[in-house]
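The values are calculated or read from the model by the stated rules, or taken from the named source; none is laboratory data. All figures in this text were calculated on a predicted structure; none of them were measured in a lab. So basically every Cβ, Gly included, is an ideal-geometry build from the backbone, and we count neighbours across all protein chains shown.
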Amino acid sequence: MKKFLSLLLLAVVALFAVACSGEGGSEESAEGESADSGEGSGGEESAESWEPSEPIEIVAPAGAGGGYDTTARMAMQTFSEEGIIEEDMGVTNKVGGGGAVGWSYIADQAGSNHHLFVTSPPFLLVPLNGQSEYNYEDFTPIANMIADYPAFAVAEDAEWNDLNELFEDMKEDPASVTVVGTSSPGSMDHIAFAYVAKAAGVDITQIKYVSAQDGEGVTQILNGSADVFSTGIAETAEQARAGNMRVLGVTSEERLEGETLGQFPTVKEQGIDAELVNWRGFFGPPDMDQAAVDYYVEKFEELSNSEGFADVRAQFGWNEMYMAPEEYQEYLDAQNEEFQSILDELGLGQSE
Amino acid sequence: MGSIEGIMTGFQTAFSLEGIMFVMIGVLVGTFIGMLPGLGPISAIAVMIPITFGMDPSTGLIMMAGVYYGAVFGGSTSSILLNAPGISGTVATSFDGYPMAQQGKAGKALAIAAIASFTGGTVSVVLLMIMAPALASVAISFGPPAYFGLMLLGLTAIASLSEGSTTKALISAVVGFMAVTIGIDPQTGTQRFTFGNANLFEGIDFLVIALGLFAIAEVGKLIIARHDDSLSDKRNVGSLKITKEELKDMRGPMSRQSFVGFFLGVLPGAGATIASFIGYIMEKKIAKKPEEFGKGSVKGLTAPETANNAATSGAFVPLLSLGIPGSGTTAVLLGAFLVLGVQPGPLLMVERPEIFWGIIASMYLGNIVLLVLNLPLIPYISKILNIPRPLLIALVIMFSMIGVYAISFSTFDLYMLVLFGVLGFLMRLFAFPAPPFILAFILGGMLEQSFRQSLSISNGNFMIFLESPISLTLIILSVLSFIFPLLKLRKKKA
Amino acid sequence: MLRTMNRKISLILLALAAFYLVMTYNLPAYTYTEIDADMVPKGLGWLLVFLSIVLFFIKDSETEEQRERRNIPKKEIITLLAVTGMILLYIFLLEILGFVAVTALFVFFCSWFLGYKKFITNAIVSIVFPVVLYMLFTQFLRIELPQGILPF
């Protein structure tokens, strides 16, 4: 019996912790809000449309804390805080294969109207690298939500003042420049750089690319081990502001807004015709009902326009980039083709 | 604002009523989550992020810092009691912590861990405070060749982690290294040994190996021994009493490893795991009775626990002063900063001194809270070992299962867990030590990557390893550290 | 007998090394790097070959205690296999029946099988524990576990 008591005690400790977190958390208020607005929106909906009848599962095809996961959790939270979707939602992480494990899980849910998942360019790149048996054409596009942009930075004391100087040197001796990024070759950071370098006329098969995890990229630039950092804007902004790094180019169409970000030259204004977006959006499983797709499209549009999500975007430094399914699909078709041609040139493309 | 003024502001923030309350909540929740199967600091911070949404940034971050070191400490509990290390930083803790608990001294082991953590944590916070700005340059001084040297030095520990045959220890390490080569190679994107199975693309998770080789393999042993009660004195399981003798034993490792752990923690990517292993090995090498290590030695438990907590504070140096997340955990923590509208980076200390120093000040507080909250709980927690063997066995299996499932959500990983459990059990039977396997698994990946990054940068010239003074020093140390024990062995035999 | 034990293991390890090396030599080449993905694995494979050969020839240094560990009564081997079987069944059913149901059944039957005779305590523990954990993970930590057949 004594042993049982000790078990019980553990359970009590557990409950205590739960109680504590309730105090510090925002759960209560969130629930209250959604209940209020629930009454209002319920009456306005037309009777014809599809409504979720069980909890919605949003799959983040990566572990906790990454870009996929953050997007999924923030969308979920804003959905319920703003009272846009009242049905329970949960984020599940399907880790592995740069997303492939998650996509194959979603493919198994074909026909389900209660599953969604987060996507970004690796959703095109990983299948093109031959590392997933499913690609974007197997799934149902719903909406793109946000945009982030690749950026290329060098150490403050680097010899290059702009991208053209860098690419001139690379045209002469590609092996003299080391490019570092977080992703493996053939995925985002590598392809983003290759994409721009190709537009500038560099022989991209000669690019020396090193992959470094866990924030080592910044370290390698700061201590001079590597020359060019191919990454996202967020990773470079603070270093640039502090005068440790210089951003040679961002791949957005126009200069970004913001005191620091506004100083970053675009690739385009330097005469290199290349634009690239690190987009993030949501897809559903194969064969989702049209009525359900319509439902989600409307909800995501509402989310994108909500104040709550504007705050989220501001908090993470994301840009708004809403696209409805048709537009999204066309956009991806075009981008997929471009990626494929680059990967083929690099000899990395493996899908037919 | 001068830094003295900044420090004062920081202490005011942290030691306000609100600050103290949130540190306590953070530490408590962190410790608790850290004790749960499979959930280390990464998950603890990730699940707490939505809760901080809308909080005042300094309070939110102070709480997050509490969650962080609470979770690091909580992780050692399962290492000590169940031989089930939940995070890589506490693997070395189980080497001596678990045997000690098996000898009926679970309470003592947990108390030693708590005191060692407290010391390592506190000393390193002082170091952090004095040197954080100056250490920023140390944090970035390690290029790929230097990392290669550091990993090599860590690997030389294999010889000293063996019980008996060095050949068997080396074989164990080579197979462990092989296990980490499974997956998509980061440098080339080539799939290695995946058999086209998407579950293997990102390699085998550390937790699968650790729980398999340690916890599940131990379950096998417990099943065979389920009828005889090896715990000689059940009543004293929860006793916290540490003798003067033992305190004296702890002093050396604590004072040394607080510093070593801190400096290793400062290096991005190295962190708590390597600190704990290097701490363990270093203490074993200089100990008067190295043969006690691995059998419940006080020093063997103190060293890694001090080092991994010291490294935890050290990891804040690159994060706070440069905005570089040196590990998966600090990367998630960086995310938590962003949610609260704080951009960690070189300018944080200048622009938001109250946050920069507030976090550091909260660490003092957190360490005290950690000790005060946890010591009284130890007698109850350690009573877990009094659960009847058959039930305990079933619960440990469940604990390991849920731990693995909670990180990968795939039954494939559970089957892998069983596979490594069986392997670990067989390794025991045939006297192949498991620690070299896991050490090579942890360090091997980074060793290979830094090796190839270096050669990529130098266009294939091996001289790059000897040109940088840091890597040269580390490589020489590694060679000495590897050859020395072998020479000693020769002498003994002759 | 013992000398042959080392030799048996050595042969198994050689087979493992050979298998690993064959796969290594079949890795596709990646042209844009100084050191390709196969270099380190090749080194590891050959190192294992070397170490297995060393193991084949060295004198066994096992202590009596280490040898004793291998003396497992046949009955216990069957128990071990049975528990392994239960674990495999647990994994197989986890996503079908759900976490709470399978875990409760597993904890109950596994500890019963291993000789825990207090049915009532066992039943309470094996129901309360999974339920508490399930609630903690799904409600407090927001980490989804398989729901399975149960309605919550």
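Values for this structure:
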| quantity | calculated |
| --- | --- |
| Residue match in the range A:145-152 (condition: farther than 26 Å from A:E216 by Cα and either modelled with pLDDT of 95 or more or under 19 Å from the mean Cα position of the chain (by Cα) (or both)) | yes |
| Any hit, the range B:277-294, residues being under 30 Å from B:Y415 (Cβ atoms), part of a helix (DSSP H, G or I) and among the aliphatic types (A, V, I, L, M) | no |
| Pairs with Cβ under 7 Å, 6+ apart, first in the range B:455-468 and within 13 Å of chain C (Cβ to nearest Cβ), second surrounded by 12 or more Cβ atoms within 10 Å (Cβ to Cβ) and of a type in the set (K, R) | B:S456/A:K208 |
| Qualifying residues in the range B:176-205 (those that are assigned to a helix (DSSP H, G or I) and within 7 Å of another protein chain (Cβ to nearest Cβ)) - the one surrounded by the fewest Cβ atoms within 10 Å (Cβ to Cβ) | B:N199 |
| Cross-chain or 6+ apart pairs with Cβ under 6 Å, the range B:367-385 first and of a type in the set (A, V, I, L, M), then modelled with pLDDT under 85 | B:L370/B:F73; B:I378/B:L240; B:L385/B:V237 |
| One residue from B:F482, B:F425, B:F409, B:F399 being in contact with a helix residue (DSSP H, G or I) (Cβ under 6 Å, 6 or more places away or on another chain) and either facing chain C (nearest Cβ under 9 Å) or in contact (Cβ under 8 Å) with a residue 24 or more places away in the chain (or both) | B:F425 |
| The one condition in (1) at the interface with chain B (Cβ under 8 Å from one of its Cβ atoms); (2) surrounded by fewer than 18 Cβ atoms within 10 Å (Cβ to Cβ); (3) farther than 30 Å from B:A406 by Cβ that C:R67 fails to fulfil | (1) |
| Selection status of A:P185, at pLDDT 90 or above and under 24 Å from B:Q187 (Cα atoms) | no |
| Residue satisfying all of: in the range B:412-422; facing chain C (nearest Cβ under 9 Å) and surrounded by fewer than 24 Cβ atoms within 10 Å (Cβ to Cβ); farthest from A:Y105 (Cα to Cα) among these | B:V422 |
| Selection count where residues are at the interface with another protein chain (Cβ under 9 Å from one of its Cβ atoms) and within 29 Å of A:V95 (Cα to Cα), scope the range C:116-146 | 16 |
| The range B:145-173, residues that are over 22 Å from the mean Cα position of the chain (by Cα) and part of a helix (DSSP H, G or I) | B:P145, B:T166, B:T167, B:K168, B:L170, B:I171 |
| Conditions (1) surrounded by fewer than 23 Cβ atoms within 10 Å (Cβ to Cβ); (2) in a strand (DSSP E or B): number failed by A:E259 | (2) |
| Test result for B:G341, touching a residue at least 60 places away in the same chain (Cβ under 8 Å) and farther than 27 Å from B:L240 by Cβ | yes |
| Selection count, the range A:71-95, where residues are within 7 Å of another protein chain (Cβ to nearest Cβ), touching a residue at least 24 places away in the same chain (Cβ under 8 Å) and not β-branched (V, I, T) | 4 |
| Residues located in the range C:10-29, provided they are surrounded by 19 or more Cβ atoms within 10 Å (Cβ to Cβ) and either at pLDDT below 85 or more than 17 Å from B:D185 (Cβ to Cβ) (or both) | C:S10, C:L13, C:A17 |
| Residue, nearest to the other protein chains (Cβ to nearest Cβ), within the range B:312-323, restricted to residues that are modelled with pLDDT under 85 and in contact with a Gly (Cβ under 8 Å, 6 or more places away or on another chain) | B:G323 |
| Unique match (being buried (at least 24 other Cβ atoms within 10 Å of the Cβ) and either within 18 Å of A:S252 (Cα to Cα) or away from chain B (no Cβ under 14 Å) (or both)) among A:F117, A:F139, A:F167, A:F152 | A:F152 |
| Residue in the range A:62-112 that is surrounded by the fewest Cβ atoms within 10 Å (Cβ to Cβ), counting only those that are closer than 17 Å to A:F283 by Cα and among the charged types (D, E, K, R) | A:D108 |
| Residue in the range B:367-379 that is surrounded by fewer than 21 Cβ atoms within 10 Å (Cβ to Cβ), within 10 Å of another protein chain (Cβ to nearest Cβ), under 25 Å from the mean Cα position of the chain (by Cα) and outside any loop (DSSP other than H, G, I, E, B) present | yes |
| The range B:35-72, subset touching a Pro at 6+ places or on another chain (Cβ under 9 Å) and either among the aromatic types (F, W, Y) or within 11 Å of chain A (Cβ to nearest Cβ) (or both), residue surrounded by the most Cβ atoms within 10 Å (Cβ to Cβ) | B:V67 |
| Residue check, C:I58 in contact with a Ser or Thr (Cβ under 8 Å, 6 or more places away or on another chain) and either more than 8 Å from every other protein chain (Cβ to nearest Cβ) or at pLDDT 90 or above (or both) | no |
| Some residue of the range A:211-222 being touching a Gly at 6+ places or on another chain (Cβ under 7 Å), at the interface with chain B (Cβ under 7 Å from one of its Cβ atoms) and touching a residue at least 40 places away in the same chain (Cβ under 8 Å) | yes |
| Residue in the range B:82-90 that is in contact with a Ser or Thr (Cβ under 7 Å, 6 or more places away or on another chain) and at pLDDT 90 or above present | yes |
| Residue match in the range B:324-332 (condition: within 14 Å of chain A (Cβ to nearest Cβ), more than 17 Å from B:Y69 (Cα to Cα) and buried (at least 24 other Cβ atoms within 10 Å of the Cβ)) | yes |
| Some residue of the range B:450-470 being under 21 Å from the mean Cα position of the chain (by Cα) and either surrounded by 20 or more Cβ atoms within 10 Å (Cβ to Cβ) or assigned to a helix (DSSP H, G or I) (or both) | yes |
| Residue match in the range C:71-94 (condition: assigned to a helix (DSSP H, G or I), on the phi < 0 side of the Ramachandran plot and in contact with a Lys or Arg (Cβ under 6 Å, 6 or more places away or on another chain)) | no |
| Residues of the range A:320-342 classified as in a helix (DSSP H, G or I) and out of contact with any helix residue (DSSP H, G or I) (no Cβ under 8 Å at 6 or more places or on another chain), total | 10 |
| Test: residue in the range A:121-138 that is among the β-branched types (V, I, T) and not assigned by TED's automatic domain parsing to the domain that holds A:D227 | yes |
